[in-house]
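The values are calculated or read from the model by the stated rules, or taken from the named source; none is laboratory data. Fair warning: this is a prediction, and the values are worked out from it, not measured in the lab. Note: ideal-geometry Cβ built from the backbone for every residue, glycine included; neighbour counts use all protein chains shown.
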Amino acid sequence: MGDLILNLDLSVPERRPKKEGGNRKHQSFVRRRRELERRGVLRQKQLPPNPGGARRAPAKPPRPRPKENGSVPPESQGRRGRGAAQVPQDGPANTKGKGLGSAGGAPEPTGKAPSAKPKGKKGRGAAAGAPPAPTKLLAMDCEMVGTGPGGRTSALARCSIVSYHGDVVYDRYVRPEAPIVDYRTRWSGIRRHHMDRAVPFQQAQRQVLRILAGKVVVGHAIHNDFKALRYSHPKALTRDTSRIPLLNRRGGFPENMAVSLKRLTKALLNQDIQVGSRGHSSVEDARATMELYKVVEEEWEQHLQQNPEQE
């Protein structure tokens, strides 16, 4: 058998260069960039990842998310123009920055959540210790007669209410529910014929309470008047001129002394009331009480603001 001779060529065949896509101008550009990369002039990461394919648009950087305290991260402020740094919608509304940054005029981040200003106490102005409006003030005085055994039980027989300026708001004779035993004319001024045009107690009570509702009521020893009306007015809306040391001090009386309306009116207003034999006039007494209140009005109201537990 003859010998079989095999002629094997083990050398690696030369690879044909891969045809580059694109037109000639683009191929020349790619070759030039690869040459610069080989020399070390151009870094490889700067080459396009797919020279022959379509270029991708650069991805937009993610929008910085606001911190929990409502401030904007400092790195995002450099990309915004003047006034662009705003509080996000889910943060506190209408919050202003504390200053302007050096670049772009954006508010400087403080790192603290904006907090509402605490409401301080009102100072001494129009709202602190100011007297009530004249339309909220009324003065009242009542006259009583005696009912029951010996006429010792006081019953309402006349009620008068005047405004801040002394105008008569209400003035009616009232017929008590029990028979009158003593008219007490020397003090009350009530006589038998006054009962002919008097209104029943229940009707007068409804009318008076409707007028006094929500008003500041001034009176002298006014707890007696409220008792005759079978009514209790709010303490904060009551001004009793028989229990305010300011008036006693102004009139030259001891502060703890119970001074009559007649003496206070003479000392402070230089007026004579409750004179003659016809008895008292509840309209006259109510007007005098309101004038006494005006003498110490501002000082009294400031005292009540500072000492609300007192009358």
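Would you point out which residue out of 172, 206 is closer than 24 Å to residue 278 by Cβ and among the charged types (D, E, K, R)? Steps first, answer last, please.
Details: 206 fails: closer than 24 Å to residue 278 by Cβ.
It is 172.
In region 235-243, the condition of being out of contact with any helix residue (DSSP H, G or I) (no Cβ under 7 Å at 6 or more places or on another chain), closer than 18 Å to residue 153 by Cα and at pLDDT 95 or above is met by no residue.
Taking region 233-291 as the search range and keeping residues that are among the aliphatic types (A, V, I, L, M) and assigned to a loop (DSSP other than H, G, I, E, B), which one is farthest from residue 308 (Cα to Cα)?
By that ranking, first place goes to 275.
Only residues that are closer than 14 Å to residue 194 by Cβ and of a type outside the set (D, E, K, R) were counted across region 150-183, and they come to 10. The residue list 191, 239 contains one member that is of a type in the set (D, E, K, R) and in contact with a strand residue (DSSP E or B) (Cβ under 8 Å, 6 or more places away or on another chain), which is 239.
Which of the residues spanning region 234-254 are touching a Leu at 6+ places or on another chain (Cβ under 7 Å) and among the charged types (D, E, K, R)? Give the derivation first.
To start, the set of residues in region 234-254 that are touching a Leu at 6+ places or on another chain (Cβ under 7 Å) comprises 241, 247, 250-251.
Correct list: 250 only.
The condition of being surrounded by fewer than 13 Cβ atoms within 10 Å (Cβ to Cβ), over 27 Å from residue 185 (Cβ atoms) and under 39 Å from the mean Cα position of the chain (by Cα) holds for residue 235.
How about region 155-225: which strands (runs of 3 or more DSSP E) wholly inside it have at least 2 residues that are closer than 21 Å to residue 291 by Cα and at pLDDT 95 or above? Full working, then the answer.
On the way: elements: 168-175, 180-182, 216-219.
Answer list for region 155-225: 168-175, 216-219.
Yes/no per residue for (1) in contact with a Ser or Thr (Cβ under 8 Å, 6 or more places away or on another chain); (2) at negative phi:
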position: 235; (1), (2): no, yes
position: 238; (1), (2): no, yes
position: 252; (1), (2): no, no
position: 282; (1), (2): yes, yes
position: 287; (1), (2): no, yes
position: 295; (1), (2): no, yes
position: 303; (1), (2): no, yes
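Cβ-Cβ contacts under 7 Å between residues 6 or more apart (or on different chains), taken from a first residue in region 199-217 that is under 14 Å from residue 174 (Cβ atoms) to a second residue that is surrounded by 13 or more Cβ atoms within 10 Å (Cβ to Cβ) and charged (D, E, K, R), are listed as 199/172; 199/175; 200/175; 201/175; 204/172.
Condition test on residue 219, is it more than 23 Å from residue 155 (Cα to Cα) and of a type in the set (Gly, Ala, Ser)? No; evaluated as a whole, the condition is false for this residue. If you go through region 171-183 one residue at a time, do you hit one that is surrounded by 12 or more Cβ atoms within 10 Å (Cβ to Cβ) and closer than 16 Å to residue 139 by Cα? The answer is yes, given that some residue of region 171-183 is surrounded by 12 or more Cβ atoms within 10 Å (Cβ to Cβ) and closer than 16 Å to residue 139 by Cα.
Within region 197-214, restricting attention to residues that are among the small types (Gly, Ala, Ser) and touching a Leu at 6+ places or on another chain (Cβ under 8 Å), which residue is surrounded by the most Cβ atoms within 10 Å (Cβ to Cβ)?
As a first pass, look at region 197-214 and keep what is among the small types (Gly, Ala, Ser): 198, 204, 213-214.
From what is left, the residues that are touching a Leu at 6+ places or on another chain (Cβ under 8 Å) are 204, 214.
Numbers: 204: 21, 214: 8.
Filtering first and then ranking leaves 204.
Screening 186, 249 for residues that are surrounded by 12 or more Cβ atoms within 10 Å (Cβ to Cβ) and either out of contact with any strand residue (DSSP E or B) (no Cβ under 6 Å at 6 or more places or on another chain) or more than 15 Å from residue 143 (Cα to Cα) (or both) leaves exactly one candidate, 249.
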